[in-house]
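J.: If you scroll down you'll find the structure; I have some questions about it.
Values in this text are rule-based calculations from the coordinates and carry no lab data. Quick caveat, the model's predicted, so the values are computed rather than measured. Backbone-built Cβ (ideal geometry, glycine too); neighbour counts: all protein chains shown.
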Amino acid sequence: MRIIGVVALVLAVTSAVHAQASKSGSVGTVRLPQPVIADGATLPPGTYELRLSGGGDPPTVEFVQSGQVRGRTLKIVPPEKGKLPPGTHAERVRNDNDPYVRVTINQGGRQYLAYLPVAKK
């Protein structure tokens, strides 16, 4: 009887961990070329893990460094299917009035596009 209880507990914990991982899974890494603003937080240049979280459609993208969430984007624009290169990318877009960094995610049939304003020096 104890073995059945232990097996049931292990299955419950495994299911909970799997459900959490599917809600906030890593979709790759991206290198930000310069400081940007993500939901009010300044992210310095560097490499970040991108995680989808929140379960909404579109989800929130979290920028993770050293295991800690450093910033989030709340405004994700799903582009037209087939327009983004595979993987995760970040590139600076030069605009006369408002420079920004465009972050793209195209993995596993999911495509998202986020625009992060460049932080003022």
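J.: In Å and from the alpha-carbon atoms only, list the Rg and Dmax of region 24-117.
T.: 12.3, 36
J.: Among 62, 91, 80, which comes first, second and so on when ranked by fewest other beta-carbon atoms within 10 Å?
T.: On the way: 62 22, 91 12, 80 8.
Exposure proxy ranking, most exposed first: 80, 91, 62.
J.: Work out, step by step, the length gained on full extension between residue 31 and residue 47: first 0.36 nm times the residue separation, then minus their alpha carbon distance; give nm to one decimal. Present the calculation step by step, with values, prior to reporting the outcome.
T.: Numbers: separation 16, 0.36 × 16 = 5.76 nm, distance 0.42 nm.
5.3 nm is the gain from fully extending residue 31 to residue 47.
J.: Still on this structure, I have one more. At a 10 Å Cβ-Cβ cut-off, how would you order 83, 120, fewest neighbours first? Please report the intermediate quantities before stating the final value.
T.: Working: 83 10, 120 7.
Placing the least packed residue first, the sequence is 120, 83.
J.: With 10 angstrom as the radius, rank 116, 84 by how many other C-beta atoms surround their C-beta, starting from the fewest. Show your work: numbers first, answer last.
T.: On the way: 116 23, 84 18.
Result, fewest neighbours first: 84, 116.
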